[in-house]
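Novice: Mind looking over this structure? Questions follow.
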Amino acid sequence: MLKKIMLLVIVASSLALAAPAAQKSRAIGGWLQLGNAGEHFGLDYKHRLSATTALDIYGHFYFSSHDNSLGVYAAHYWHNYNLLKLSPGFGRIGLYAGPAGGLGWWLVDYYNNNSYWYDQSGLAIRFGVVGGITWEMPIPLEIYAELNPVGEFHVIFDDYRDNRFDDNYVAWQIPDLYFRMGIRFWF
C-alpha cells in the first residue's frame, strides 16, 4: 500500500513540474459520446497549429456480437481563450468552434424470436460543425465537452436471410446532434 502511495506522489509531482498544456503542441486522449447508438467512445489526437488553431483527429470503434461500427473524423478548431479568465495557477479555459467531417461504417444483425432475420450495414459520410469548451489545466492535461451538429449521407445495405427483400439505398440524415466529452494528455 505504501509503495502505491509513493508511486502516486511521484507521478503527481512530476506532472505538477511539467510544462502547462498551453505550451505543448500535441495531445492524445479518449472520449465518451451521447447521441449515436454506435459511437460510445473512442480515441483522440489533437495537434496545435498555432496559438489559437488546432487540428483534431478522432476515431471510434465498437465491436460486439451483433453490433459493430468504426469511424474516423477530423475537425479544425479556432480557440478563444479571452472570454473566460482563470487565475494563472488554474490553467486556462477556451471556447472553440470549427468545421468537422469524416467517414464511418457499421454492421448490425437483427433477430426475430432468437433466429437471424437480417443484417444492415452501411457507410456514413459526415460533415458539420463543432463547438465546445476546454479547460487546459496547469499540468499537461485538458478536459473538454462539445456539441457536434452534423448531417450524414448513408449508403445502406439491407440483407435479409431469405434474399427476397435485399435492398441498397442512400439516405440523408439531418440534423444529428452529438455530445462528446473527453480528456487529453499534452506532450
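The values are calculated or read from the model by the stated rules, or taken from the named source; none is laboratory data. Predicted model, so just to flag it, every value in this text is computed and none were measured. Cβ sites come from the backbone with ideal geometry, for glycine too, and all protein chains shown count toward neighbours.
Novice: Give the residue, chosen from 144, 178, that is surrounded by 18 or more Cβ atoms within 10 Å (Cβ to Cβ), touching a Ser or Thr at 6+ places or on another chain (Cβ under 8 Å), modelled with pLDDT of 80 or more and hydroxyl-bearing (Ser, Thr, Tyr).
Specialist: After applying the criteria, what remains is 144.
Novice: When you check residue 121 against the structure, is it exposed (fewer than 13 other Cβ atoms within 10 Å of the Cβ) and either without any contact (Cβ under 8 Å) to a residue 24 or more places away in the chain or more than 20 Å from residue 183 (Cβ to Cβ) (or both), yes or no?
Specialist: In short, no.
Novice: Could you count how many residues in segment 24-63 are outside any strand (DSSP E or B) and either hydroxyl-bearing (Ser, Thr, Tyr) or closer than 16 Å to residue 105 by Cα (or both)?
Specialist: Of the residues in segment 24-63, 8 are outside any strand (DSSP E or B) and either hydroxyl-bearing (Ser, Thr, Tyr) or closer than 16 Å to residue 105 by Cα (or both).
Novice: So in segment 32-50, with the set limited to residues that are polar (S, T, N, Q) and surrounded by 14 or more Cβ atoms within 10 Å (Cβ to Cβ), which one is nearest to the chain's Cα centre (by Cα)?
Specialist: Across segment 32-50, the extreme among qualifying residues is 33.
Novice: Filter segment 64-84 for residues that are surrounded by 13 or more Cβ atoms within 10 Å (Cβ to Cβ), hydroxyl-bearing (Ser, Thr, Tyr) and either modelled with pLDDT under 90 or in a strand (DSSP E or B) (or both) and give the result.
Specialist: Matches in segment 64-84: 69, 73, 77.
Novice: Could you please find all residues in segment 59-76 being under 23 Å from residue 119 (Cβ atoms) and hydrophobic (A, V, I, L, M, F, W, C)?
Specialist: Answer for segment 59-76, where residues must be under 23 Å from residue 119 (Cβ atoms) and hydrophobic (A, V, I, L, M, F, W, C): 61, 63, 70, 72.
Novice: Residue 99 versus (1) loosely packed, with under 15 Cβ neighbours inside 10 Å; (2) part of a strand (DSSP E or B); (3) at pLDDT below 95; (4) not acidic (Asp, Glu): which is the lone unmet condition?
Specialist: So residue 99 meets the others, but not (3).
Novice: For the condition free of Cβ contacts under 8 Å to residues at least 60 places away in the same chain and closer than 20 Å to residue 183 by Cβ, what is the one hit in 132, 91?
Specialist: 132
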